[in-house]
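Visitor: There's a structure below that I have some questions on.
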Amino acid sequence: MGKLTGTRYGDAANNLFAFYRDKAQELEEADQYYMSAIALAFAVETSILTYLLVEFGEENGGELEIPDNVNMANLIEACNEIDVLNAPIDIPSHVRQDNKSPKYVAKDVVDKIRKFRNLVHPAAALRGGYDPSTFTAEQLADFKEMYESVTHSLLYYI
């Protein structure tokens, strides 16, 4: 994802995004597919937060504050209100190194990412009967497609 700048929080969030993205790659290379997907989910949340901070800050002429109780569902709702998760997928993505089009419309998969990310909480995993040790490389590949679709959409609307 391109570097988002313009605000104090935007720069810090961009650095956090890069950390999660790099950590996801490192974990995938170590065959830690579930943890790699979790890192990508955190990268998605961070990229959405970064987009909102930078875009709203620039549009409103000043620095935005990060609310005390922001969660991914709130971020998704804000994105849906301004329709930035609906970029067309019949065009090449700046996110993909192979310059192919994204597989999914971000709006259709971002809540799946959020629900999966919530499985990092042991109580949620236990309640749902989810066993993270069963997460496969193939599932990670599909999760990466969802991740790339969200980042594609955000970059499309910058």
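Visitor: Is it possible to state the helix-based mean residue ellipticity at 222 nm for the chain, with each DSSP H run of 4+ residues giving -39500 (n - 2.57), the sum divided by total residues, to the nearest 500 deg cm²/dmol? What is it?
Guide: -21000 deg cm²/dmol
Visitor: Heavy atoms only, probe 1.4 angstrom, no DNA, RNA or ligands counted: give me Thr50, Thr136 ranked by accessible area, highest first.
Guide: Accessible-area ranking of Thr50, Thr136, largest first: Thr136, Thr50.
Visitor: Moving on. Highest mean first, what order results for 71-81, 11-21 on Cβ atoms within 10 Å?
Guide: The peptides rank, most packed first, as 11-21, 71-81.
Visitor: Further question: Please report the Cα spread of the chain along all three principal axes, rounded to whole Å, starting with the longest.
Guide: Principal axes ranked by extent give 47, 37, 26 Å for the Cα atoms.
Visitor: Further, regarding this structure: Highest mean first, how do 120-129, 86-95, 27-36 rank when packing is the count of other Cβ atoms within 10 Å averaged over residues?
Guide: 27-36, 86-95, 120-129
Visitor: I need the phi-derived Karplus couplings for segment 22-38: 6.51 cos²θ - 1.76 cosθ + 1.60, θ = phi - 60°, integer Hz, Gly and Pro marked x.
Guide: Per residue, the Karplus-derived 3J(HN,Hα) values read 5, 5, 4, 5, 4, 5, 4, 5, 8, 6, 9, 5, 4, 5, 4, 5, 4 Hz.
Visitor: Among Ser101, Thr134, Ala73, which residue has its Cα positioned farthest towards the positive end of the charge dipole of the chain, with +1 placed on the Cβ of Lys and Arg, -1 on the Cβ of Asp and Glu, and the dipole taken about the Cα centre?
Guide: Thr134
Visitor: In addition: Enumerate the calculated ³J(HN,Hα) couplings along segment 132-148 in order (Karplus 6.51 cos²θ - 1.76 cosθ + 1.60, θ = phi - 60°), each rounded to whole Hz, writing x wherever the residue is Gly or Pro.
Guide: Listing the rounded values in order: x, 5, 8, 6, 9, 4, 5, 5, 4, 4, 5, 4, 5, 4, 5, 4, 5 Hz.
Visitor: Can you give the relative contact order of the chain as a percent, counting alpha carbon pairs under 8 Å and 6+ residues apart?
Guide: With pairs under 8 Å counted, the relative contact order is 28 percent.
Visitor: With +1 assigned to the C-beta of every Lys and Arg and -1 to the C-beta of every Asp and Glu, and no other charges, what is the dipole magnitude of the chain about the Cα centre in debye, to the nearest 20?
Guide: Once rounded to the nearest 20, the dipole reads 260 debye.
Visitor: What pairs from Lys23/Lys144; Lys23/Lys107; Lys100/Lys144 go past 20 Å between their alpha carbons?
Guide: Result: Lys23/Lys107 exceed 20 Å.
The values are calculated or read from the model by the stated rules, or taken from the named source; none is laboratory data. Just so you know, these numbers come straight off a predicted model, no measurement behind them. Glycine gets a Cβ as well: all are built from the backbone with ideal geometry, and neighbour counts include every protein chain shown. Areas reflect the complete protein model, heavy atoms only, side chains present, ligands, DNA and RNA absent. Shrake-Rupley method; radii C 1.70, N 1.55, O 1.52, S 1.80 Å.
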